[in-house]
1. Please name all residue pairs, on different chains or six or more residues apart, with Cβ atoms under 7 Å, provided the first residue is in region 218-244 and is in contact (Cβ under 8 Å) with a residue 60 or more places away in the chain and the second residue is buried (at least 19 other Cβ atoms within 10 Å of the Cβ) and polar (S, T, N, Q).
2. Out of the residues in region 120-157 meeting the condition of being free of Cβ contacts under 8 Å to residues at least 60 places away in the same chain and within 28 Å of residue 281 (Cβ to Cβ), tell me which one is surrounded by the fewest Cβ atoms within 10 Å (Cβ to Cβ).
3. Inspect region 237-248 for any residue being touching a Phe, Trp or Tyr at 6+ places or on another chain (Cβ under 9 Å) and either modelled with pLDDT under 95 or closer than 25 Å to residue 110 by Cβ (or both) and give the result as yes or no.
4. Restricting to region 237-287, and then to whatever is within 19 Å of residue 128 (Cβ to Cβ) and β-branched (Val, Ile, Thr), can you tell me which residue is surrounded by the most Cβ atoms within 10 Å (Cβ to Cβ)?
5. Suppose we keep only residues that are part of a loop (DSSP other than H, G, I, E, B), modelled with pLDDT of 95 or more and under 19 Å from residue 228 (Cβ atoms) within region 157-180. Which one would you say is nearest to the chain's Cα centre (by Cα)?
6. Only one of 169, 187 is of a type in the set (Asp, Glu), surrounded by fewer than 13 Cβ atoms within 10 Å (Cβ to Cβ) and in contact with a helix residue (DSSP H, G or I) (Cβ under 7 Å, 6 or more places away or on another chain). Can you tell me which?
7. Mind counting the residues in region 190-217 that are farther than 30 Å from residue 287 by Cβ, touching a residue at least 40 places away in the same chain (Cβ under 8 Å) and surrounded by fewer than 18 Cβ atoms within 10 Å (Cβ to Cβ)?
8. Scan region 190-206 residue by residue and report those that are touching a helix residue (DSSP H, G or I) at 6+ places or on another chain (Cβ under 7 Å) and among the aromatic types (Phe, Trp, Tyr).
Amino acid sequence: MTNGLLQMRKLTKADYSKLTAMDTGIEDDYVVRIFDNLLESKEHALYGLFDDEKMLTIAGYSIFANHFAMLGRLRSDRRYLARGNATTLLLKMIEDLKADPNIFWIGANTEVHNGPARRVLTKIGLPADPPSYPVKLQESMKIQGKPGPLWQAINEREEKRKLLLSLQENALRMFPYECYYPFPFHESLFSNDYLDESTFYANDDKSRFFMMKEDQKGNLYAHMAYFWNDHFEQPGLWDTVNQALESSFTEHQLWIDVSKQAYPVFAQQEEIFDIQKPWMLHGIWAK
């Protein structure tokens with residue numbers, strides 16, 4: 001390590017050898033495997049912190065719905081830890097993102113038990129929202145809820161948008177945009193394409209609704225969003241979900257994000273649900 005000034009910049013394909021020379025301790029790192037693809041995409045960017053020609057830390061961001069920047073892909077060389085390198089690089093990225101007039105929000109999503117990452121995010125000024133729990137339906141299982149009539153499918157795009165914008169409460173305190181990628185609840189996320197690709201169902205008086213959308217994250221998921229904590233109190237809710245899985249999402253595994261308050265009811269049914277470790281969304285509004 002030299003005593004010269006550190007440099008920070010966006011990475012190029014010429015930096016590949018410097019990336020592979022880092023001792024991150026991550027075996028078969030997917031960032032290495034898709035390095036070229038990340039650099040070629042307009043939705044992704046990678047930054048590096050260098051001492052001379054030596055790469056000390058990398059991090060990146062992805063842009064969702066044109067306006068929401070999710071930080072991630074943070075890796076540091078283990079030989080140069082505890083020197084504030086990650087903090088320095090992330091602050092530079094945030095500065096650049098704030099200067100972009102198209103960016104509304106900047107944040108990161110991390111597991112609650114990942115103390116080091118959470119400390120870094122707090123240090124760079126990204127406060128945390130309440131945790132949420134990703135829940136997956138075990139294979140070939142049906143959910144037993146409160147019996148009732150099937151909910152009505154909502155097919156019109158603007159009616160879907162109206163339902164979302166009519167929410168007076170949101171137990172999740174966020175919008176589960178994709179599996180692993182929640183964002184603050186904001187109408188900019190509800191693009192025409194996003195709504196067209198989502199299936200909505202509402203009860204008779206439309207006081208409750210849920211949405212399901214196909215999502216590929218290694219496995220094929222039916223990603224469900226429901227914004228209340230009364231999952232097992234609403235007549236017909238799970239009957240409708242079961243029917244949707246049998247008729248429209250036949251090859252998909254159900255994924256639903258639930259709040260800390262709703263978690264205990266799901267945890268009591270571990271033979272049906274596979275509950276993942278909780279995550280926390282950190283972020284700030286840039287505009």
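The values are calculated or read from the model by the stated rules, or taken from the named source; none is laboratory data. The model shown is predicted, which means the values in this text are computed figures rather than measured ones. Backbone-built Cβ (ideal geometry, glycine too); neighbour counts: all protein chains shown.
1. Close Cβ pairs (under 7 Å, with a partner that is buried (at least 19 other Cβ atoms within 10 Å of the Cβ) and polar (S, T, N, Q)) amount to 234/203; 236/203.
2. So in region 120-157, the residues free of Cβ contacts under 8 Å to residues at least 60 places away in the same chain come out as 120, 123-124, 140, 152-157.
Cutting the leftovers down to within 28 Å of residue 281 (Cβ to Cβ) gives us 120, 123-124, 154, 157.
Working: 120: 21, 123: 13, 124: 20, 154: 19, 157: 16.
That would be 123.
3. no
4. 258
5. Of all residues in region 157-180, those part of a loop (DSSP other than H, G, I, E, B) come to 166-174, 179-180.
If we keep only those that are modelled with pLDDT of 95 or more too, we end up with 166-167, 170-174, 179-180.
Filter once more, keeping what is under 19 Å from residue 228 (Cβ atoms): 166-167, 170-174.
On the way: 166: 23, 167: 21, 170: 17, 171: 17, 172: 13, 173: 13, 174: 10 Å.
Top of the filtered list is 174.
6. Numbers: 169 fails: in contact with a helix residue (DSSP H, G or I) (Cβ under 7 Å, 6 or more places away or on another chain).
The unique qualifying residue is 187.
7. Number of matching residues: 2.
8. 190, 200, 201
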